[in-house]
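Here is the structure we will look at.
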Amino acid sequence: MPTGQINPAQIQIRLITPQDSIPAITRLLHRAYAKQVAMGLRPLAGRQDDAMTAQRAACSECILAVAPASEGAQILGVILFEEQEAASFPTFFLRPEVCHFAQFGVDPDAQGKGVGRMLLQAVEERAIARGATELACSMAEPDRDLYDFYIKRGYRHVEYWQWPYTNYRSCILSKTLPARQ
Ligand SMILES: CC(C)(COP(=O)(O)OP(=O)(O)OC[C@H]1O[C@@H](n2cnc3c(N)ncnc32)[C@H](O)[C@@H]1OP(=O)(O)O)[C@@H](O)C(=O)NCCC(=O)NCCS
């Protein structure tokens, strides 16, 4: 497991490769979302199996945060950019100027060290490169700490959405992006 010794400057942010362990990502997500599960919520990332983790990675640009080899090259975090799903999307996601991210999680042992910030920056850069002016996500409405996390990072609430596979209402949040240079 990651330790407190990890230097954020050495963390690699990169796309998933066939060599990366899908079970390691599933375990990370279950650990990261355990707080919401303990609240009685049923986020998909908190209970999905390896087949679902692999499917979601294949239907998106799956970006990983990986510790340096000297620290064991563990996967510390994951985020999906522009995941395509069978479920209907929130109306806001369908707007042409909007990109979105999902399944955002950092191993609890590595949280609070800026790994989440790096993953968010990676998806923001991808969205800007595509010419998007908004970057949106969906989050569990009852998780008010998480809501505050996003508001502090420049996101705002744009609408509510009910996904068919969760037992809570979601807040759709979005951040206005700087224009592409
Ligand atoms: C949200 C998450 C990805 C952030 O990752 P991280 O690596 O800890 O983020 P950073 O280190 O870049 O940022 C740490 C900051 O966020 C705050 N923070 C981290 N997780 C938080 C959470 N779940 N709720 C509220 N604040 C949180 C920290 O207090 C810290 O605040 P500060 O910058 O004001 O000091 C991580 O907490 C996580 O995996 N959460 C569980 C899964 C989840 O809810 N994902 C989002 C689904 S939409």
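When the residues of segment 89-110 are filtered to those that are out of contact with any strand residue (DSSP E or B) (no Cβ under 8 Å at 6 or more places or on another chain) and in contact (Cβ under 8 Å) with a residue 24 or more places away in the chain, the one that is surrounded by the fewest Cβ atoms within 10 Å (Cβ to Cβ) is Pro108. The set of residues in segment 38-70 that are within 14 Å of the ligand (Cβ to nearest atom), farther than 19 Å from Met118 by Cα and assigned to a loop (DSSP other than H, G, I, E, B) comprises Met39, Leu41, Arg42, Pro43, Arg47, Gln48. Filtering segment 44-83 to residues that are out of contact with any strand residue (DSSP E or B) (no Cβ under 6 Å at 6 or more places or on another chain) and under 17 Å from Tyr168 (Cβ atoms) leaves Leu44, Gly46, Arg47, Gln48. Selection within segment 24-37: residues that are out of contact with any helix residue (DSSP H, G or I) (no Cβ under 6 Å at 6 or more places or on another chain) and of a type in the set (A, V, I, L, M, F, W, C). The member of this set that is farthest from the ligand (Cβ to nearest atom) is Ala24. Residues in segment 75-87 that are touching a residue at least 24 places away in the same chain (Cβ under 8 Å) and open to solvent by 50 Å² or more (accessible area, probe 1.4 Å): Gln84, Glu85.
When the strands (runs of 3 or more DSSP E) confined to segment 123-181 are screened for residues that are within 17 Å of Gln103 (Cα to Cα), those reaching at least 3 such residues are found at 134-140, 170-176.
The values are calculated or read from the model by the stated rules, or taken from the named source; none is laboratory data. Remember, it's a predicted structure, so these values are computed and weren't measured experimentally. Note that we place each Cβ from the backbone using ideal geometry, even for glycine, and neighbour counts take in every protein chain shown. The area values use the complete protein model at the heavy-atom level, side chains included, leaving out ligands, DNA and RNA. Shrake-Rupley method; radii C 1.70, N 1.55, O 1.52, S 1.80 Å.
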